[in-house]
Amino acid sequence: MMNKIPHKRFIELMVQARIAHDTGDFATAFPLYQMAIQQEPDNAGYHVLLGDTLVMMGDHKGAIGLYRKALSLDPRLPGVASQLAYELGKDASNRQESTALLKEHLASNPNDGIAWTNLGVNYYQDGRYADAVQAHKEALKSSDIKKSEVWNNLGNDYYKLGDFRNAAEAYKEARGRSHDILWNAFYWGGKAEMQLRDYKTASETFRILTMHALDDIEAFIALADARAESGDLEGAVQAYLDFLAKHPTDDIAWNNVSCFYVRAGKPDRAIECARKALAIESKNDTNWTTLGEALEAAGDVSGAIDAYRKARAINPGEKDAAAHLERLNHR
């Protein structure tokens with residue numbers, strides 16, 4: 001059994017542990033909190049602190065055990081039930097227990113915004129989106145939460161329900177309440193605006209996202225699609241060119257630029273971009289199909305047929321190339 005550490009020295013070690021934890025030095029914090037539990041095995045707080053450290057070290061199973069112990073030592077300790085439920089909810093096999101624990105906790109702690117948030121996340125993961133909406137609305141009544149994240153969650157709930165108007169508003173609230181870029185709130189907020197056919201607003205939402213996500217082609221694809229839907233094909237092309245200025249070897253971007261040039265009635269530029277995509281990745285059947293469409297738009301039917309056939313050779317299930325060949329009576 002470990003000898004009792006003098007009180008003053010013990011306090012000094014706990015300060016070291018907290019500093020280590022807060023600065024990300026979990027390897028140092030871990031043995032210090034272990035020592036604290038050995039010194040005071042009935043102190044629920046030290047079990048929580050060690051559990052928090054294990055979470056940061058990736059040992060979620062170990063953390064769950066410590067949170068359970070803390071809850072058994074002091075059922076009234078703030079935040080423990082929510083944290084235990086949150087960790088349990090990460091595993092679908094434990095989610096029912098997690099939800100039951102949260103509901104029991106909220107029955108006597110109805111103002112716990114973190115618990116309401118975690119309950120909403122559980123409902124969302126279980127496909128209970130309407131229940132998730134109600135839980136997240138309850139969370140927003142609390143002052144102990146990061147409301148930008150809850151609004152973002154609420155946007156996810158509404159989006160899954162197909163309520164795109166409320167989803168767009170929720171994502172907008174999330175963006176307005178955070179000084180950090182919330183990728184999800186911008187991306188899915190823009191997607192919700194697209195569903196509402198508010199392409200101008202969606203374009204602006206995606207434009208802001210691309211300013212912060214310079215390496216994320218999905219953001220640029222979304223921006224190009226929104227601009228194209230609003231009739232701004234040149235703007236759609238420019239979105240890809242902005243991305244390609246930094247990522248000139250991205251064949252998907254060159255391929256997509258080619259498609260927009262075809263739609264804009266510029267087949268020569270489309271052919272040029274499609275060939276750039278193929279120079280980067282010649283085994284992508286989509287790149288060959290796009291070249292075929294560009295060649296066909298330029299009047300080179302023979303070249304188009306050859307490109308479509310190459311797409312089918314790479315991927316016999318390539319439906320677009322097959323449809324083009326059938327239309328041209330060349331299977």
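The values are calculated or read from the model by the stated rules, or taken from the named source; none is laboratory data. None of the values given here were measured: they were computed from a predicted structure. FYI the Cβ positions are ideal-geometry reconstructions off the backbone, even for glycines, and counts take in every protein chain you see.
Restricting the search to the stretch 188-201, which residues are of a type in the set (Phe, Trp, Tyr) and closer than 15 Å to residue 157 by Cα?
Of the residues in the stretch 188-201, the ones of a type in the set (Phe, Trp, Tyr) are 188, 199.
Passing the criteria: only 188.
If I ask for residues that are modelled with pLDDT of 95 or more, in a loop (DSSP other than H, G, I, E, B) and either hydrophobic (A, V, I, L, M, F, W, C) or more than 13 Å from residue 56 (Cβ to Cβ) (or both), which ones from the stretch 1-35 would you list?
None; the set is empty.
Scan the stretch 1-35 residue by residue and report those that are free of Cβ contacts under 8 Å to residues at least 24 places away in the same chain, closer than 21 Å to residue 68 by Cβ and either of a type outside the set (S, T, N, Q) or in contact with a Pro (Cβ under 8 Å, 6 or more places away or on another chain) (or both).
33 - this is the single residue of the stretch 1-35 that is free of Cβ contacts under 8 Å to residues at least 24 places away in the same chain, closer than 21 Å to residue 68 by Cβ and either of a type outside the set (S, T, N, Q) or in contact with a Pro (Cβ under 8 Å, 6 or more places away or on another chain) (or both).
Can you list residue pairs whose Cβ atoms sit under 6 Å apart, with the first residue in the stretch 311-331 being free of Cβ contacts under 8 Å to residues at least 12 places away in the same chain and the second being part of a helix (DSSP H, G or I) and surrounded by 11 or more Cβ atoms within 10 Å (Cβ to Cβ)? Count only pairs 6 or more apart in sequence or on different chains.
331/325
Mind listing just one residue for me: the one in the stretch 36-67 that is within 21 Å of residue 11 (Cα to Cα), within 34 Å of the chain's Cα centre (by Cα) and without any contact (Cβ under 8 Å) to a residue 24 or more places away in the chain and, of those, surrounded by the fewest Cβ atoms within 10 Å (Cβ to Cβ)?
46
Six or more apart or on different chains, Cβ atoms under 6 Å: show the pairs whose first residue is in the stretch 231-260 and more than 17 Å from residue 206 (Cβ to Cβ) and among the acidic types (Asp, Glu) and whose second is modelled with pLDDT of 95 or more and part of a helix (DSSP H, G or I).
Sorted first by the residue in the stretch 231-260, then by its partner, the pairs are 251/277; 251/280.
Is one or more of the residues making up the stretch 104-111 modelled with pLDDT of 95 or more and not in a loop (DSSP other than H, G, I, E, B)? Walk me through it before giving the result.
We begin by selecting, within the stretch 104-111, every residue modelled with pLDDT of 95 or more; these are none.
Checked against the condition, which is being modelled with pLDDT of 95 or more and not in a loop (DSSP other than H, G, I, E, B), the stretch 104-111 yields no hits at all.
Just name the residue that is farthest from the chain's Cα centre (by Cα) out of those in the stretch 70-82 that are surrounded by fewer than 22 Cβ atoms within 10 Å (Cβ to Cβ) and assigned to a helix (DSSP H, G or I). Can you show your working first?
Filtering the stretch 70-82 down to residues surrounded by fewer than 22 Cβ atoms within 10 Å (Cβ to Cβ) leaves 71-79.
Filter once more, so that each one left must be assigned to a helix (DSSP H, G or I): 71-73.
Values: 71: 32, 72: 35, 73: 36 Å.
Only one residue fits best here, namely 73.
From the set of residues in the stretch 181-197 that are at pLDDT 95 or above and outside any helix (DSSP H, G or I), which is surrounded by the most Cβ atoms within 10 Å (Cβ to Cβ)?
Filtering the stretch 181-197 for residues that are at pLDDT 95 or above and outside any helix (DSSP H, G or I), the one surrounded by the most Cβ atoms within 10 Å (Cβ to Cβ) comes out as 196.
Could you check how many residues of the stretch 204-258 are polar (S, T, N, Q) and closer than 18 Å to residue 281 by Cβ?
Start the filter on the stretch 204-258 by keeping residues that are polar (S, T, N, Q), which leaves 205, 210, 230, 238, 249, 255-256, 258.
Going one step further and asking which of them are closer than 18 Å to residue 281 by Cβ, we end up with 249, 255-256, 258.
Residues that pass the stated criteria total 4.
For the stretch 280-298, what are the residues that are farther than 18 Å from residue 243 by Cα, assigned to a helix (DSSP H, G or I) and among the aliphatic types (A, V, I, L, M)?
Correct list: 291, 294, 295, 297.
Please determine, by comparing only the residues of the stretch 125-149 that are basic (Lys, Arg) and assigned to a helix (DSSP H, G or I), which one is farthest from residue 111 (Cα to Cα). Give the derivation first.
Initially, the stretch 125-149 is screened for residues basic (Lys, Arg), giving 128, 137, 141, 146-147.
Okay, now just the ones that are also assigned to a helix (DSSP H, G or I), so 137, 147.
On the way: 137: 12, 147: 14 Å.
Within the stretch 125-149, the match that is farthest from residue 111 (Cα to Cα) is 147.
Within the stretch 89-117, which residues are of a type in the set (Gly, Ala, Ser) and either surrounded by 21 or more Cβ atoms within 10 Å (Cβ to Cβ) or touching a Ser or Thr at 6+ places or on another chain (Cβ under 6 Å) (or both)?
89, 98, 113, 115
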